[in-house]
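Below: the structure, in structure tokens.
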Amino acid sequence: MNDPAPASAAPAAASLYLRTAWLSAFACLLLTLAAIAWIDRPVVDFAHTHTQGTRWIQHVAALPSPLFVLAWPTFAIVGAALVWRRDLPAWAVTLWLAAGAVGIGSVFKQGLKFAFGRTWPATWIHDNPSYLRDGVFAFRWFGGDGAAYASFPSGHLTVMLAFATVLSLRHRALRWPCAVAVALTGFGQLAAAYHWTSDALAGAALGIAVGTTVVWAWQRWATRPVIAV
């Protein structure tokens with residue numbers, strides 16, 4: 001495979017990129033705990049007063065939405081091409097890995113949403129109890145009523161970070177565009193009061209972890225020794 005950096009970089013550099021990504025995921029996880037205690041409610045209060053309901057912010061918040069729909073079809077199509085040709089351009093391999101990371105992240109975040117059963121900042125589905133309407137700020141462990149108790153973690157931040165992490169680790173030139181896309185998504189989700197700050201951070205941690213694992217696994221596979229028979 002004609003893979004870009006860090007796959008073609010020195011092993012030490014590639015390892016450094018992966019370690020940095022893992023540390024970023026861990027930092028987001030620690031910040032999640034701090035946000036639950038001190039940041040979540042003030043940010044939602046501010047957004048409710050100043051930015052909630054703003055149309056352009058809602059559009060920005062939905063930036064990763066196409067990824068939910070396109071991930072698995074893209075993974076299947078490019079994967080079939082990879083099996084058929086056994087050698088694809090670096091950009092196609094990156095697209096395949098990114099699509100796989102988004103799909104895996106979507107599955108994991110859905111399981112976590114069910115497990116944590118967190119209430120949303122606002123009431124918007126199934127007449128769900130919320131902070132802004134009812135003053136509810138709680139985790140309902142294994143709540144069962146999926147959509148009404150599914151704030152944690154943010155799915156949009158999960159898939160955006162899974163996608164962006166793969167692109168950033170494999171193509172350094174894409175790091176700044178990815179950073180901008182992530183920042184816009186995070187801003188939109190919080191400013192629209194769609195999610196708590198801790199939801200966004202937890203989604204980021206999950207997305208980074210999944211994206212990093214996918215890249216690491218591919219590097220191990222691509223550099224495995226070939227045994228002649």
Legend entry - Choice from Val107, Val44, Val159 with maximal GNM fluctuation in the chain (Cα, 10 Å cutoff): Val107
Legend entry - Sorted by Cβ density within 10 Å, fewest first, the residues Cys28, Cys178: Cys178, Cys28
Inset, instruction - Go through segment 192-204 residue by residue and turn each phi into a ³J(HN,Hα) via Karplus (6.51, -1.76, 1.60, θ = phi - 60°); whole Hz please, and just put x for glycine and proline. - result: 7, 6, 6, 9, 6, 4, 5, 4, 5, 5, 5, x, 4
Inset, instruction - Provide His59, His156, His171, His195 in ascending order of the number of other Cβ atoms located within 10 Å of each residue's Cβ, fewest first. - result: His59, His171, His156, His195
Legend entry - Ile125 long-range amide H proximity, modeled H, under 5 Å: none
Legend entry - Residues listed by number, segment 178-220, amide nitrogen under 14 Å from Phe68 label point at 7 Å toward C-beta: 189, 194-195
Legend entry - Histogram of C-alpha separations across segment 8-136, 5 Å bin width, %: 2, 8, 10, 14, 17, 17, 12, 8, 6, 4, 2, 0
Legend entry - Among Thr119, Thr20, Thr32: highest mean-square fluctuation, GNM of the chain, C-alpha pairs under 10 Å: Thr20
Inset, instruction - Could you work out how far helix 11-38 tilts from the main Cα principal axis of the chain, as a 0 to 90 degree angle to the nearest 10? - result: 10
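Wrap a convex hull around the Cα atoms of segment 11-222, take a quarter of its surface area, and give that in square nanometres.
Working: hull surface 48.5 nm².
Averaged projected hull area, Cα only: 12.1 nm².
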Legend entry - GNM flexibility winner over the chain from Pro177, Pro66, Pro121 (Cα, springs under 10 Å): Pro66
Legend entry - Electrostatic dipole magnitude of the chain [Cβ: Lys, Arg +1; Asp, Glu -1; Cα centre; debye, to 20]: 540
Legend entry - Cα-based convex hull volume of segment 63-124 per residue, rounded to whole Å³: 99
Legend entry - Computed over the chain: relative contact order in percent, which uses C-alpha pairs under 8 Å that are six or more apart: 31
Legend entry - Label point distance in nm, Ala179-Ala115, each placed 7 Å from Cα along Cα→Cβ: 3.1
Legend entry - Note, ³J(HN,Hα) from phi for segment 155-160, Karplus 6.51, -1.76, 1.60, rounded to Hz, x at Gly and Pro: x, 5, 6, 4, 6, 5
Legend entry - Helix-only CD estimate at 222 nm, as mean residue ellipticity for the chain, using -39500 (n - 2.57) per DSSP H run (n ≥ 4): -23000 deg cm²/dmol
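Each reported figure results from applying straightforward, stated rules to the coordinates on display, with no laboratory input. Source: prediction; values computed, not measured. Cβ coordinates were reconstructed from backbone atoms using ideal geometry, including for glycine residues, and neighbour counts include every protein chain displayed.
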